[in-house]
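Structure first, then comments.
The values are calculated or read from the model by the stated rules, or taken from the named source; none is laboratory data. From a predicted model like this one, the values you see are computed outputs, not experimental measurements. Don't worry about glycine lacking a Cβ; one is built from the backbone with ideal geometry, like all the others, and counts go over all protein chains shown. Accessible surface areas use protein heavy atoms only, side chains included; no ligands, DNA or RNA. Shrake-Rupley method; radii C 1.70, N 1.55, O 1.52, S 1.80 Å.
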Amino acid sequence: MNVIVAVDKNWAIGLKNKLLVSIPEDMKFFRTETTGKVVVMGRKTLETFPGGMPLKNRTNIVLTSNRSYEAKGALIFHTVEEVLEELKKYPSEDVYIIGGGTVYEQFLPYCSVAHVTRIDYAYEADTFFPNLDELPEWSVEATSGEKTYYDLEFEFVKYVKKH
């Protein structure tokens, strides 16, 4: 399973249910990686998408504790175990955990690859991703090298979990 996330220099990912910054090249990378694949997210993440609608050309799986929640075009589950059971139907390499914070924490133990867009800036934030540099089982496998968007520096970093 994969996780895909954009983090700032403090591993922050969001503020008040919004991304910290929108970088076109990061959005394109996300689309390229996840199109035709399975994306797993929490309800709040789904609700941040245009019209609160699932992402096109992907299997959208939503985890929510709200038992009456419905989203047209998405598969809704209420426990991590239910989601993991559903994910057995798909090749593990085609599954992407896309947030938010709680969903990342719940599924990171099941992931073996992390696609992290690291942004060289510290934003005000209330939601964070675990710092993979501090977790001994994760190591950097590849990096894009520094890229820029206006005056913002960022890079794509691929982490892999040691088995």
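Side notes on the structure shown:
- Among A74, A125, A142, residue whose mean-square fluctuation peaks in a GNM of the chain (springs only between Cα atoms under 10 Å): A142
- If you plug the beta carbon distance of M53 and D133 into 1/(1 + (r/R0)^6) with R0 = 25 Å, you get a FRET efficiency near 0.10.
- Distance between the C-alpha centres of the range 1-53 and the range 148-163: 14 Å, rounded to the whole angstrom.
- Here the relative contact order of the chain, from alpha carbon pairs under 8 Å that lie six or more residues apart, stands at 32 percent.
- Rounded FRET efficiency, nearest 0.05, which uses the C-beta distance separating T102 from E25 and R0 of 30 Å: 0.65
- Counting only residues at least eight positions apart within a chain, or on another chain, the aspartates and glutamates with an alpha carbon under 16 Å from that of K28 are E155.
- In this structure the chain gives 55 Å² per residue of accessible area when probed at 1.4 Å with all protein chains present.
- Dipole of the range 13-163, positive end: most advanced residue of V116, L75, W138 [Cβ charges, Cα centre]: L75
- Cα gyration tensor category, rounded, prolate or oblate, for the range 47-110 with a/c compared to 1.5: rounded
- Total charge dipole magnitude, the chain, about the Cα centre, Cβ charges on Lys, Arg, Asp, Glu only, Debye to nearest 20: 640 debye
- Label point distance in nm, E70-T35, each placed 7 Å from Cα along Cα→Cβ: 3.1 nm
- Taking 7 Å steps out from each Cα toward its Cβ at Y149 and H163 produces label points 3.4 nm apart.
- Linear extension gain, E82 paired with K16, 0.36 nm per residue minus alpha-carbon span: 21.0 nm
- Whichever lysines have a C-alpha closer than 20 Å to that of K44, once near sequence neighbours (fewer than 8 apart) are set aside: K16, K18, K56, K72
- Annotation: the antiparallel percentage among DSSP beta bridges lying fully within the chain is about 50.
- Accessible-area composition of the chain, carbon plus sulfur, in percent [1.4 Å probe]: 51 percent
- Kirkwood hydrodynamic radius of the chain, from the reciprocal of the average inverse Cα-Cα distance over all distinct pairs: 16.1 Å.
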